[in-house]
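Peer 1: Questions regarding the structure given below will be posed in turn.
We did not get these values from a lab; they are worked out from the coordinates using the rules stated. Fair warning: this is a prediction, and the values are worked out from it, not measured in the lab. Neighbour counts run over all protein chains shown; Cβ positions are idealised from the backbone, glycine included.
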Amino acid sequence: MDAGGFWKLVDNAVSGAPDLDQRRAWLSGRLALLPAGEIADFTVLLDAQRARVDTWAHWQAATLICSGLCGMDSFFYFQAWLIGQGRAVFSAVAESPDALAEVAWVRRLAALGPVDEWADEDWPEWESLYRVADDAFEVVHGGELDSYLDGRGQRRAFDVTPGGEVVEVEDPADIARRIPRLWALFGKAAG
C-alpha cells in the first residue's frame, strides 16, 4: 500500500460513513480483506501522515480550538481526527493550520460555544483510528501487529514530537498573528 491507497481508504470511509465509529468499523473491515503486509503499511502510512501535522503551529491551532485543553494525548488524538477528515481537508491543514477555520466541524464547534457545553462526541479527536489496523490484523492474521512491524524493522509512534518553528501555544498576540481566521472564530473564548 502506498500513500494513494491509504488516502483512498480514508476518503472512502469519510464518504461512506457519517460518524467516526462507523468510519472505524468500515476501515477495519476493509483492512481485514488485505494481506498482513498491507495492513502494516496502513499503520506506517498513518504515522507518516500524522507526522505532517506534528508541529508546534498545529498544536497551537488545536489548543485554541479546544480552549487550552489540548495536552500531549489530546493533540495526538486531534491529529488522528484530522486525518479522519479526509485527504483534501488534511492536506490543506497540513499546509496551513489556519485552514482549520474552513473545516465544517471546526466552525460547528465555534458555534457551540464554550467547551464545557460540548458533548463528548463533539471533541475533535479520534483515538480509535490508531486501533483500526490492529483489530483487522488480529482478526485475520492472528497475533499482534506490533510484533509483525518489529519483524519488518518498523515501530510506530505513540506520542507527539512537534517539529517546526516553536510558537507560543497560548499567547493571544502570537495566535492572532499566525492563525487569524481561527482566532476570529475562537479568540473571544480564549481571551
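Peer 1: Pull up the stretch 62-104, narrow it to residues that are part of a loop (DSSP other than H, G, I, E, B) and more than 23 Å from Pro172 (Cα to Cα), then point me to the one that is nearest to the chain's Cα centre (by Cα). Quick ask: steps written out before the conclusion?
Peer 2: Kept after step one, since they are part of a loop (DSSP other than H, G, I, E, B), are these residues of the stretch 62-104: 66-71, 84-86, 96, 103.
If we keep only those that are more than 23 Å from Pro172 (Cα to Cα) too, we end up with 84-86.
Details: Gly84: 6, Gln85: 8, Gly86: 10 Å.
Taking the candidates together, the pick is Gly84.
Peer 1: Any residue in the stretch 8-20 that is small (Gly, Ala, Ser) and under 15 Å from the mean Cα position of the chain (by Cα)? Don't jump to the end; show me each part of the working.
Peer 2: Keep residues of the stretch 8-20 that are small (Gly, Ala, Ser), which gives 13, 15-17.
Next cut, under 15 Å from the mean Cα position of the chain (by Cα) only: 13.
So far as the stretch 8-20 goes, yes, one or more of its residues are small (Gly, Ala, Ser) and under 15 Å from the mean Cα position of the chain (by Cα).
Yes or no, residue by residue, for (1) of a type in the set (Phe, Trp, Tyr); (2) within 24 Å of Arg23 (Cβ to Cβ); (3) surrounded by 15 or more Cβ atoms within 10 Å (Cβ to Cβ):
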position: Gly142; (1), (2), (3): no, no, no
position: Tyr148; (1), (2), (3): yes, yes, yes
position: Asp159; (1), (2), (3): no, yes, no
position: Glu165; (1), (2), (3): no, no, no
position: Glu168; (1), (2), (3): no, no, no
position: Ala173; (1), (2), (3): no, no, no
position: Ala176; (1), (2), (3): no, no, yes
position: Pro180; (1), (2), (3): no, no, no
position: Gly187; (1), (2), (3): no, no, yes
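Peer 1: Now, a different point. Please state which one of Ala57, Ala13 is surrounded by fewer than 21 Cβ atoms within 10 Å (Cβ to Cβ), aliphatic (A, V, I, L, M) and part of a helix (DSSP H, G or I). Can you show your working first?
Peer 2: On the way: Ala13 fails: surrounded by fewer than 21 Cβ atoms within 10 Å (Cβ to Cβ).
Of the residues listed, the single one that is surrounded by fewer than 21 Cβ atoms within 10 Å (Cβ to Cβ), aliphatic (A, V, I, L, M) and part of a helix (DSSP H, G or I) is Ala57.
Peer 1: Restricting to the stretch 84-105, what's the tally of residues that are closer than 14 Å to Arg50 by Cα, among the hydrophobic types (A, V, I, L, M, F, W, C) and surrounded by 22 or more Cβ atoms within 10 Å (Cβ to Cβ)?
Peer 2: Qualifying residue count for the region: 2.
Peer 1: For the stretch 135-191, how many residues meet the condition of being within 30 Å of Arg107 (Cβ to Cβ), in contact with a helix residue (DSSP H, G or I) (Cβ under 8 Å, 6 or more places away or on another chain) and of a type in the set (Lys, Arg)?
Peer 2: The number of residues fulfilling the criteria is 2.
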